[in-house]
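First the structure, in the form of structure tokens, and then the observations on it.
The values are calculated or read from the model by the stated rules, or taken from the named source; none is laboratory data. Every value quoted in this text rests on a predicted model; they were computed, and no experiment measured them. For neighbour counting, all protein chains shown are included, and Cβ atoms are generated from backbone atoms with ideal geometry for every residue, glycine included. The area values use the complete protein model at the heavy-atom level, side chains included, leaving out ligands, DNA and RNA. Shrake-Rupley method; radii C 1.70, N 1.55, O 1.52, S 1.80 Å.
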Amino acid sequence: MRYRTLGGTGIEVSVHCLGTMMFGSVGNSDHDDCVRVVHAALDQGVNFLDTADMYSAGESEVVVGKALKGRRDDVVLASKVHFPMGEGRNRGGNSRRWIIKAVEDSLRRLDTDWIDLYQIHRPDHTTDIEETLGALTDLVRQGKIRAFGCSTFPAEEIVESHVVAERRALMRFRTEQPPYSILARGVETSVLPVCERYGMGVLTWSPLASGFLTGKYRMGGAIDMTTGRAALTPARFDPSLPVNITKLEIVERLVEVANGIGCSLPELAVAFTVAHPAVTSVIIGPRTMEQLEGLLKGASLSLDDATLDRIDEIVPPGTNIYQPDGAWRSPVLTDPARRRRPADDRAAA
């Protein structure tokens, strides 16, 4: 396993980061099995683990805490805050009030005294970015976190955060965690260049494009719409929809590329994200030991220029074939009222 420096923090992390979203009730509810997966990854040289308070309502953090007993000093541990945790007001978001409470809860579940990288899981437009950066800066100075970053932020808000940090003498986001895969290359347009400009580390998620790059879903093959992700988000998997037909057609072409260089489709998909110069580490999120072994098998795969050129021909740089699951969308796109003047003020004369 190779290692890269995480932004300008001086912290060295493995190029594969073990994501733990599938640990707990939403994925693998066998804690002992999940612990074995973590230990196997560590034994293969992975030293970077990513979790979040909202994964299985905190259960993932509990599992990670169990797995790291006796090995905590050897691991760079990342967690996240933003999504609601339980019923009631003020139990989510990016306010100082919630961040201070949430980090204490995460430290308790993780059974650790510090978190190496604490990330803001999504933007929150009800909270000034200065409020968020101020709370995170204080947590670094208190020793509860070592560094902090953002996740799935648009490029303009990353820039704004750096401007505010400089003006207010606050610490800045050192990392960004965007969705990135062969089928979701939109971040290549501005997010990744902005991260490079500011010297930020980049942890990418969903390299297998919500499962479409696992090889499980193929043109002409049956897709079980009653279980798993297909049951939760049928619009993303229904083979009768044009957007999904396009994805399946692209998968067939990518399978040809993978076969041509003697690797599997998942190995090709993960190696593609590793090859981008802005990317520090790629999050792999196995549910089982078998999945972990399959993903780590391709860790040494290096894609040459000819292969990357073929991928560019199939999915042009900067192109999103689909919107990744969980990707943030601007309120100005999702709320029509943000794009429309009052009805009596829409005429030019």
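Using a Gaussian network model of the chain in which every pair of alpha carbons under 10 angstrom is joined by a spring, one finds that among PRO234, PRO84, PRO207 the greatest mean-square fluctuation is at PRO234.
Is region 135-293 rounded, prolate or oblate when judged by the Cα gyration tensor, a ≥ b ≥ c being the square roots of its eigenvalues, rounded requiring a/c under 1.5 and prolate requiring a/b larger than b/c? Prolate shape, in that a/c is at least 1.5 and a/b is the bigger ratio. Label-to-label distance for ARG339 and ARG310 is 3.9 nm, based on points extended 7 Å past Cα in the beta-carbon direction. On the accessible surface of region 226-349, probed at 1.4 Å, how many percent belong to carbon and sulfur atoms? The C+S portion of the solvent-accessible surface of region 226-349 is 51 percent. Net charge of the neighbourhood of PRO84, taken over other residues with C-beta under 12 Å away and scored Lys/Arg +1, Asp/Glu -1, is 0. Accessible surface comparison of ARG218, ARG197, probe 1.4 Å, protein chains only, largest first: the order is ARG197, ARG218. Of the residues SER95, SER210, SER25, the one with the largest accessible area comes first in the ranking SER25, SER95, SER210, computed with a 1.4 Å probe on protein heavy atoms.
In the chain, Cα pairs under 8 Å separated by at least six residues give a relative contact order of 18 percent.
The value of relative contact order for region 6-156, using C-alpha pairs under 8 Å at least six residues apart, is 19 percent. Using the Cα gyration tensor of region 202-349, with a ≥ b ≥ c the square roots of its eigenvalues, what is the shape: rounded (a/c below 1.5), prolate (a/b larger than b/c) or oblate (neither)? Taking the square roots of the gyration eigenvalues as a ≥ b ≥ c, region 202-349 is prolate. Among ASP305, ASP105, ASP325, the largest mean-square fluctuation in a Gaussian network model of the chain (Cα springs under 10 Å) belongs to ASP305.
For the set GLU59, GLU313, GLU160, solvent exposure ranked by accessible area (probe 1.4 Å, protein chains only) runs largest to smallest as GLU313, GLU160, GLU59.
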